[in-house]
Amino acid sequence: MFARKNRRVLVIGLDCASPELIFSTFNADLPNLRRLMSAGTWGILRSSIPCITVPAWASMLSGRDAGVLGVYGFRNRADHSYDGMTTADASAIQVKRVWDMLSDVGKSSLVVGVPQTYPVKPLNGHLVSDFLTPGRDSAFTYPAMLKSEVLSLAPDYPFDVRDFRKVERDVLQQQLIGLTETQYRVFEYLLKNKAWEFAIHVNIGLDRIHHAFWRYHDPAHRLHEPDSPFRTAIHDYYVRLDAWIGRLVAAAGDDSVIMVVSDHGVKRMDGGICINEWLWRNGWLVLKNPPPVGEIVRFQDIEVDWSRTRAWADGGYYGRIFLNVAGREPQGIIDSADYERVRADLSAQIAAIPDHEGNPLQHMIYTPQTIYQQVNRIAPDLLVYFGDLHWRAIGSLGYGQHWTFQNDTGPDDANHAIEGMFIVADPKTRGAGQIADRQLMDIAPTILDKLRVKIPAAIQGRAI
């Protein structure tokens, strides 16, 4: 083990961790998290817009919002064509994240499993890439020689559970346990055997277990199964995480600052708003050959009459609406002088979309120019959280109505919540206990502050 000469910060990232479950519902069964709370400062950590893994972790660890990053989800428009989409991996992040800032001042980092770290980039330290990694045959470490060390410890090192929505639940549960145990075992080894002043691991398994098992946990879920053998799957996973947090804290040493953070929270999914179906039925989207009811067709497989289309959308945990603007899109028909009027009209109509019984839903509709410091690359014209995020956006068509209880990407029990969580426990500083809501971009300056590194002026957050 390396001698500790400098102050150190360990960040334990829990993708999708629920503040309600950690701070309240499961708290009595989470002794290590409870101990960190009692010694530290903790509370709600409001997520990015959108509140999804990509771009939330990059926003958290750079201190810049999604508009500055120019990343609005896993898939983003590459250009103003109608089908040019790219996956936002590490190459999409053009600003410095914490480990880059620390490398600039000679401090070493250990980075494992952080979203958008594949393809790997050099840093002063060691890195094992994230769930976007294609597989163990790829170059997933920095330095390159670290790969053989990781695979000697874990020959079957997993980056994610592929197609987790479609895996049988009993099999998936074991796969998620295996992923968690293997990744944490490797991370614990690296904590003990590599030099670092900043270390971070992000657990993606918690996100997966929420999406796959929430119905068994939440009595309010429309598909709740109170007698299911999986009724304690989520609780038991949090208990497993808590035990590992105790081990990781011990590996870091009692003189290290410990931070536990999540990029967003979780809430039950009630259904989906078929946004392209709605746009088509309300005259915004024109199809040359609409699919018959019951024949579910992906949007990219439908022939659109772009010469008469004003808007189309992309589905996911939130909705992205794109306008067909003259001089911007190849066959744009909305005059640029009418852009704001048309966008406001569409926004008002979307706000009135009801649920399956005709009851009003609380939709949150954002325009990029009003929520971001900058709007880089190609942003959606509108970003929509349907039904206070109890409803997801469905991009495919053929449902015969504007709503569905099916998910076009596979079974999914949960959506994301705006409220994530944080705990900061500094052995040299008395914690403040629970404090008012903080924002995700506050984490990067907090890390830098704890390591006594000057916080760049461009960072939008403030140290906790």
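The values are calculated or read from the model by the stated rules, or taken from the named source; none is laboratory data. If you're wondering where the values come from, they're calculated on a predicted model, not measured in any experiment. Please note: Cβ atoms are built from the backbone with ideal geometry, for glycine as well, and neighbour counts cover all protein chains shown. For the accessible areas, the whole protein counts, side chains as well, though only heavy atoms, and no ligand, DNA or RNA atoms are used. Shrake-Rupley method; radii C 1.70, N 1.55, O 1.52, S 1.80 Å.
Some points to look at:
- Value of Rg/Rh across the range 314-375 [Cα atoms, Kirkwood radius]: 1.02
- Relative contact order (%) - the chain, alpha-carbon pairs under 8 angstrom, separation at least six: 28 percent
- Projected onto its three principal axes, the C-alpha set of the range 129-195 covers 39, 23, 16 Å, listed from the longest axis down.
- Against the empirical 2.2 N^0.38 Å (N residues), the chain has a Cα radius of gyration ratio of 0.99.
- Coupling constants for the range 314-327 follow from the phi torsions by the Karplus curve (6.51 cos²θ - 1.76 cosθ + 1.60, θ = phi - 60°), and in residue order they are 10, x, x, 5, 9, x, 10, 10, 10, 9, 9, 9, 4, x Hz; glycine and proline get x.
- Approximate shape of the range 343-416 as ellipsoid semi-axes (Cα gyration tensor, √5λ), whole Å, largest first: 24, 16, 12
- Cα pair count fraction exceeding 13 Å, expressed as % - the range 291-337: 64 percent
- Straight-line cross-link reach from LYS96 at under 16 Å between alpha-carbon atoms covers these lysines, not counting any fewer than eight positions away in the same chain: LYS107, LYS121, LYS454.
- In order along the range 118-126, the Karplus-derived 3J(HN,Hα) couplings, from 6.51 cos²θ - 1.76 cosθ + 1.60 at θ = phi - 60°, round to 10, x, 6, 10, x, 8, 7, x, 10 Hz, and Gly and Pro are given as x.
- Quarter of the Cα convex hull surface for the range 245-297, i.e. its orientation-mean projected area (nm²): 7.9 nm²
- Most to least packed among 229-236, 272-279 [average Cβ atoms within 10 Å]: 272-279, 229-236
- Rel. contact order, % - alpha carbon contacts under 8 angstrom, at least six apart, the range 1-72: 18 percent
- Percent of Cα-Cα distances greater than 18 Å, calculated over the range 20-155: 65 percent
- Packing-based order for 343-349, 406-412, using average beta carbon neighbours within 10 Å, highest first: 406-412, 343-349
- Residues ASP242, ASP89, ASP449 ordered from highest to lowest accessible area at a 1.4 Å probe: ASP449, ASP89, ASP242.
- Normalised by 2.2 N^0.38 Å, with N the number of residues, the alpha-carbon radius of gyration of the range 72-147 equals 1.22.
- Global geometry of the range 1-82, whether rounded, prolate or oblate, following the gyration tensor of its Cα atoms and the 1.5 cut on a/c: oblate
- Quotient of C-alpha Rg and 2.2 N^0.38 Å, computed over the range 416-464: 1.22
- By the equivalent-ellipsoid construction on the alpha carbon gyration tensor, the range 306-464 comes out with semi-axes of 37, 23, 13 Å, ordered largest to smallest.
- Only the Cβ atoms of Lys and Arg (+1) and of Asp and Glu (-1) were treated as charged; on that basis the dipole of the chain about its Cα centre amounts to roughly 1700 debye.
- Debye intensity ratio in log₁₀ form over the Cα atoms of the range 146-304, taken at each q of 0.09, 0.11, 0.13, 0.20 Å⁻¹: -0.48, -0.66, -0.81, -1.26
- Applied to the range 269-276, the Karplus parametrisation 6.51 cos²θ - 1.76 cosθ + 1.60 on θ = phi - 60° returns per-residue 3J(HN,Hα) values of 9, 8, x, x, 8, 7, 5, 5 Hz, with x for Gly and Pro.
- Summed residue charge, Cβ within 13 Å of GLU188's Cβ, Lys/Arg positive, Asp/Glu negative: +3
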